[in-house]
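The values are calculated or read from the model by the stated rules, or taken from the named source; none is laboratory data. Note that the structure is predicted; figures quoted are calculated from it, not measured. Note: ideal-geometry Cβ built from the backbone for every residue, glycine included; neighbour counts use all protein chains shown. SASA here: full protein model, heavy atoms, side chains in, ligands and nucleic acids out. Shrake-Rupley method; radii C 1.70, N 1.55, O 1.52, S 1.80 Å.
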Amino acid sequence: MNRSQQQPRARRRPPSLRTILTASGIYTLLYAVLCAGLYFTPVLEDPHRADAIVVLGVPKERLYVGTLLAEEGYADTIVISTPDPVNDPKRVPATCHTGMQDIRVECFTPSPFTTEGEAMHVQQLAEERGWDDIIVVTYVSHINRARQYFARCVPGVSTTFVGVNRRYDAALLINRFVYETGAWLKLAALGACR
């Protein structure tokens, strides 16, 4: 067959707007489902006796769970991450000022005020105090990312994560989704404990 007898090749058409939108919608839906699984369904662990209980972030509900664990005898020390007491005193929990009966309470402001900063501070405390085993209390949506930071920044210390459920309205759910996505991208791009 020579060139003159060959069938002309059909020109490939660019995808239609409908095809592009459908593919984008499917990709977005798959991404949201995968991320929702990562953010909102971590592996949860049962607490056990440990050297300390660490409460991450601006405590609120997390502090309640952390203090219950301490009162139930899971640890004699509770370490609470708080905002700077000089610049933001209203957000520092009263427990930092009043303490707890028979429980050692330590409050700190991580530098930087991030999960990485919290993990680095806990690493220092673990080295100073000889801790081998800690319980970390945080929101369920934060556990998997916090687990990554603690694995990288607090090596050699067994870490059990206890999740605190939080009620999400649509706006807060979207906020947490966007925030966690950005935080995971930062962790992937920069690593931890630099």
Q: Filter the stretch 127-145 for residues that are assigned to a helix (DSSP H, G or I) and surrounded by 23 or more Cβ atoms within 10 Å (Cβ to Cβ) and give the result.
A: Ser141, His142, Ile143
Q. Mind checking which residues of the stretch 68-84 are out of contact with any Ser or Thr (no Cβ under 7 Å at 6 or more places or on another chain) and over 14 Å from Gly163 (Cβ atoms)?
A. Ala70, Glu71, Glu72, Gly73, Tyr74, Ala75, Asp76, Thr77, Val79, Ser81
Q. What's the number of the condition Pro83 fails, among (1) open to solvent by less than 20 Å² (accessible area, probe 1.4 Å); (2) touching a Gly at 6+ places or on another chain (Cβ under 7 Å); (3) without any contact (Cβ under 8 Å) to a residue 40 or more places away in the chain?
A. (2)
Q | Flag if Ala119 is over 21 Å from Leu63 (Cβ atoms), of a type outside the set (S, T, N, Q) and in a helix (DSSP H, G or I) | A | no
Q. Can you name the residue in the stretch 65-86 that is of a type in the set (A, V, I, L, M) and closer than 14 Å to Trp131 by Cα and, of all such residues, is farthest from the chain's Cα centre (by Cα)?
A. Ala75
Q. From Arg9, Arg18, Arg91, which residue is over 25 Å from Trp131 (Cβ atoms), open to solvent by 50 Å² or more (accessible area, probe 1.4 Å) and in contact (Cβ under 8 Å) with a residue 12 or more places away in the chain?
A. Arg91
Q: Could you identify the single residue in Arg104, Arg62 that is open to solvent by less than 30 Å² (accessible area, probe 1.4 Å) and within 30 Å of Gly130 (Cβ to Cβ)?
A: Arg62
Q | Contacts under 7 angstrom Cβ, first residue in the stretch 154-178 being in a helix (DSSP H, G or I), partner open to solvent by 70 Å² or more (accessible area, probe 1.4 Å), 6 or more apart | A | Arg176/Tyr168
